[in-house]
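A quick write-up on the structure given underneath.
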Amino acid sequence: MKALKIVGIVIAVLLLIVIALPFLINVNSFRPKLESALTEALGREVKVGNLSLSILSGSVSAEDLSIADDPAFSKDPFIRAKSLKVGVEVMPLIFSKALHVTDITLDRPEIALLRDAGGKWNFSSLGSKSTPTPKAASGPSSTPNLSVSKLNVKDGRLLVNRANSSIKPHVYDSVNISVRDFSPTSQFPFTITANLPAGGTAKLEGKAGPINSSDVAASPIEAQINVKSLDLTASGFVDPSTGIAGVADFDGTLNSDGHVLRTSGTLKADKLKLAVKGTPATQPVTVKYATDFDLQKQGGTLTQGDVSLGKALAKLTGTYQSQGESTILNMKLNADGMPVDDLQAMLPALGIVLPSGSRLQGGTLSVNVGITGPVDKLVIVGPIRLSQTKLAGFNLASKMSAISALSGAQTGSDTSIQNLSTDARVAPEGVRTQNINLTIPALGTVTGNGSISPGGALDYKMNANLSGGAVTGLTQMAGLGGQGGSIPFFIQGTTSDPKFMPDVKGMVGSQLKGGLGGVLGGLTGGKKSSGEAASPVDALGGLFGKKKKK
């Protein structure tokens, strides 16, 4: 019993000591030293609030914390936090009043990340000695030697924006950062997790360091990236003015030696939209990519860009360059024999509108185009070829009734296309297609040039060269022997409702005017009511099913 009493007395004394020590040690006397150490380490003015000591946990807590921003970016704090917890070695603190930091935890901080027009971040100058501190480190190296075994950020809030911007920042919540064995002069492991704007999560895990004292953003890093449900526009990765939108998952790697940042991985985008007037794709698009980015020049090279949709595969390669708030592309897109059926889901995303109620079925699409200019004003130029497909739900005969009647053949409710090739130019001011060559087995070959306005208005001047059944029907009715027929016409209206109209002036100026004058009366019902032969103009109007004026 006596021994138990002694143990009880010892425990009681120890408890009294633990309770009394925080009152006996004026921990606030360490605040200037703590502020000075943090200011020296970060190269930014650091302010902490009232301090309190917990002997049991071996920690010092501050009620408030603020870290100044780079004055070139903002006068507001870079970091604000309601509380700061600093782990300390208790024995040196009690007996020699020395403050030895073992770990640092920021609770619910708000961190403002700003990027200027040149691509530089406001955290790049952290640790820089360009601004004198109360106790600046001496010697040739300006890297502060603040080492801690644990450095944590809990439930933080990250605000990302451009410097001096009036728009709302992109907000990332529930940011948690865990760093182990941190030292600015060596490599250290880290883990970062966060909730993304508009939903989704991100995780970055790997190693970083040693810290580049002149530019923290240029410090070496190697990490694995995992992103789920990233909203491309809400997150700020894509400017809404580009028309690009969608939700993406990403798995990949990131490696930087401080000069070149290399990333690679696989991105799967759902509800993808690639044009301002486009609508989300109904099927996901997968992109396997690899890129090298020069941190100094703020430009990079896309060495791999395999874009796949079902069995359709296109390869995108080239360079990109940051210029202020814009990114300039100079790339090539090459795809050979992509199945049209798999591409059908992407047409709305590209802003491509087919005639109402129609869709492409079967066949292949091949493209070899250059993509240049700012991302929000891209110009796409190159040849496009469509083979062995059909435009289901589009009756060409009903649109060009005169030609189908002459041929004695009907295209039916679907229009079969043997080949369609053109040299295209897609730009903000509209689409221009030159050297169109369209082969329709039931009709012949259609050639010409034209354009599509940004609003979808058509302006095409075309020429139909009849062949096969079309030639037979025309020659039998017109008595042309084996010469065949050529009919110029316009396509107007809109992409969803095209209008085929006769080019009367073109017809009159062709061989039909001189060589078929006597025959055209037969094509349009013979003579006029006055007994005179029908004029070529009246006759050609009837050729497209147009009623003659009385």
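We did not get these values from a lab; they are worked out from the coordinates using the rules stated. Please read all numbers here as calculations on a predicted model, not as lab measurements. Cβ placement follows ideal geometry from the backbone for every residue including glycine, while neighbour counts extend to all protein chains displayed.
Annotations
- Extending 7 Å from Cα along the Cβ direction at Arg162 and again at Gln492 yields two label points whose distance is 4.2 nm.
- In terms of other Cβ atoms within 10 Å, Thr105, Thr303 run from fewest to most in the order Thr303, Thr105.
- Residues Asp306 and Asn465, FRET efficiency given R0 of 56 Å [Cβ-Cβ distance, rounded to 0.05]: 0.90
- 5 angstrom amide H check on Gly362, placed H, neighbours 5+ away: Asp341
- Integer Hz, Karplus 6.51/-1.76/1.60 couplings in order for segment 368-380, x for Gly and Pro: 8, 10, x, 10, 9, x, x, 4, 8, 9, 5, 10, 10
- Between Asp181 and Glu222, the modelled label-to-label distance comes to 1.5 nm, taking each label 7 Å out from Cα in the direction of the beta carbon.
- One chain, two ends: Gln298 and Thr193. Fully extended at 0.36 nm per residue, the span grows by 35.2 nm beyond their Cα-Cα distance.
- Amide H contacts under 5 Å for Ile417, placed H, 5+ residues apart: Thr389, Lys390, Leu391
- Computed from phi, the 3J(HN,Hα) profile of segment 282-294 under the Karplus parametrisation 6.51, -1.76, 1.60 (θ = phi - 60°) reads 8, 10, x, 10, 10, 10, 9, 9, 8, 9, 10, 10, 7 Hz, with x in place of Gly and Pro.
- One chain, two ends: Arg359 and Val260. Fully extended at 0.36 nm per residue, the span grows by 31.1 nm beyond their Cα-Cα distance.
- With a threshold of 23 Å on the Cα-Cα distance, the over-threshold entries among Lys82/Lys203; Lys277/Lys399; Lys273/Lys499; Lys311/Lys390; Lys120/Lys315; Lys288/Lys390 are Lys82/Lys203; Lys277/Lys399; Lys273/Lys499; Lys120/Lys315; Lys288/Lys390.
- Subtracting the Cα-Cα distance of Lys207 and Val276 from their residue separation scaled by 0.36 nm leaves 20.9 nm.
- In order through segment 297-306: 3J(HN,Hα) via Karplus (6.51 cos²θ - 1.76 cosθ + 1.60), integer Hz, x for Gly, Pro: 7, 6, x, x, 10, 8, 7, 9, x, 8
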